[in-house]
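A.B. asks: One structure is given below, represented as structure tokens, and several questions about it will come after.
The values are calculated or read from the model by the stated rules, or taken from the named source; none is laboratory data. Just so we're clear, the structure is a prediction, and the values are computed from it rather than from any experiment. Counting neighbours? That spans all protein chains shown, and the Cβs are built from the backbone with ideal geometry, glycine included. The area values use the complete protein model at the heavy-atom level, side chains included, leaving out ligands, DNA and RNA. Shrake-Rupley method; radii C 1.70, N 1.55, O 1.52, S 1.80 Å.
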Amino acid sequence: MRVTTVRDAEAAAVRAADVVNVMLDEALGARGVAHLALAGGSTPKRCHELLAERRADWSGVHLWESDERCVPPDDDESNWKMIEASLISRIAIAEDQLHRMPGELGPDEGADAHEAELRRVVEGDDVPVFDIVMCGLGEDGHTMSLFPGHPQVHERSRLVVGVRDSPKPPPERLSFTLPLVHAARRTILLTAGASKADALGAVLDREDERVPASLLRGGRLEVIADDAAAGSRMSDE
Ligand code: 6PG
């Protein structure tokens, strides 16, 4: 696990955008294709805007999302709507490189459909291997739509699961599972703000099933956080 702490949310967004750009170039150079799953919520918006400003050529880059709410794509609660506004609308990228989670199909049908799509499109032996999976951090220690005490945290065969009782509204969601994230070449946990300090402290302390975000440590995890979220830890930059 690599941890980078920076002075503020803007610096965290800059760092995340830089790491993503380097990883995308590595993937394209090595395999001619790059699969990037973007995080939901509000924190990633600035990172997306910086990616749009700093990356001119999106050839070969496929955009996914690591979780979605079960709402129509034009709903203000849609993560894809946030991704469209902060990134897709600002770049030139082919439609067949965009892979929105079909939240409008509902937790069961949507999860089945998206799992089939990512198995079809993303290379991998038994588990498709994403180049980068970006995740956010909730104050309760959730990540994506894997919430404390919920069974989806323990899912070890499916790659995409439905959630019906999310404690964070809206209640119905789709989410990557840990086996899919652990197979990725890099997981980036991007977080900022004092409200996330307790959750981030638990993530950095150890793997704990009561803190789903801490289980991201089972993959190749890079934590990028501002000082407010990192609490007493000193900034690296
Ligand atoms: C979602 C997200 C969720 C989010 C965290 C942090 O769909 O709500 O995927 O996991 O990343 O709750 O949200 P903020 O970035 O808005 O604090």
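A.B. asks: May I ask you to list, by number, the DSSP H helices of the chain whose Cα span along the axis is at least 24 Å and whose average Kyte-Doolittle hydropathy reaches 0.0 or more?
C.D. replies: Counting only whole DSSP H runs, the qualifying helices are 9-31.
A.B. asks: State in Å² the accessible area per residue of the chain; use a 1.4 Å probe, count heavy atoms of protein chains only, and round to the nearest integer.
C.D. replies: Details: 9770 Å² over 237 residues.
Value for the chain: 41 Å² per residue.
A.B. asks: Probe radius 1.4 Å, ligands and nucleic acids left out: which of 226, 165, 125, 74 has the largest accessible area, and how do the rest follow?
C.D. replies: Per-residue accessible area, sorted high to low, gives 125, 74, 165, 226.
A.B. asks: Using the Cα gyration tensor of the range 135-191, with a ≥ b ≥ c the square roots of its eigenvalues, what is the shape: rounded (a/c below 1.5), prolate (a/b larger than b/c) or oblate (neither)?
C.D. replies: oblate
A.B. asks: Among 144, 157, 42, whose Cα lies farthest out toward the positive end of the dipole of the range 41-165, if unit charges sit on the beta carbon of Lys, Arg (+1) and Asp, Glu (-1)?
C.D. replies: Farthest towards the positive pole: 42.
A.B. asks: When the helices in the chain are scored as -39500 (n - 2.57) per DSSP H run of 4 or longer and the sum is shared across all residues, what 222 nm value do you end up with, to the nearest 500 deg cm²/dmol? Before the final figure, lay out the partial values.
C.D. replies: Numbers: 7 runs with 74 residues, N = 237.
Calculated mean residue ellipticity at 222 nm is -9500 deg cm²/dmol.
A.B. asks: Something else about it: Would you work out if the range 158-212 is rounded, prolate or oblate? Take a ≥ b ≥ c from the square roots of the eigenvalues of the alpha-carbon gyration tensor; rounded if a/c is under 1.5, else prolate when a/b is larger than b/c, oblate otherwise.
C.D. replies: Here the range 158-212 falls in the oblate category.
A.B. asks: Now for a different question. Using only the alpha carbons, work out the radius of gyration and Dmax of the chain in angstrom.
C.D. replies: 16.2, 45
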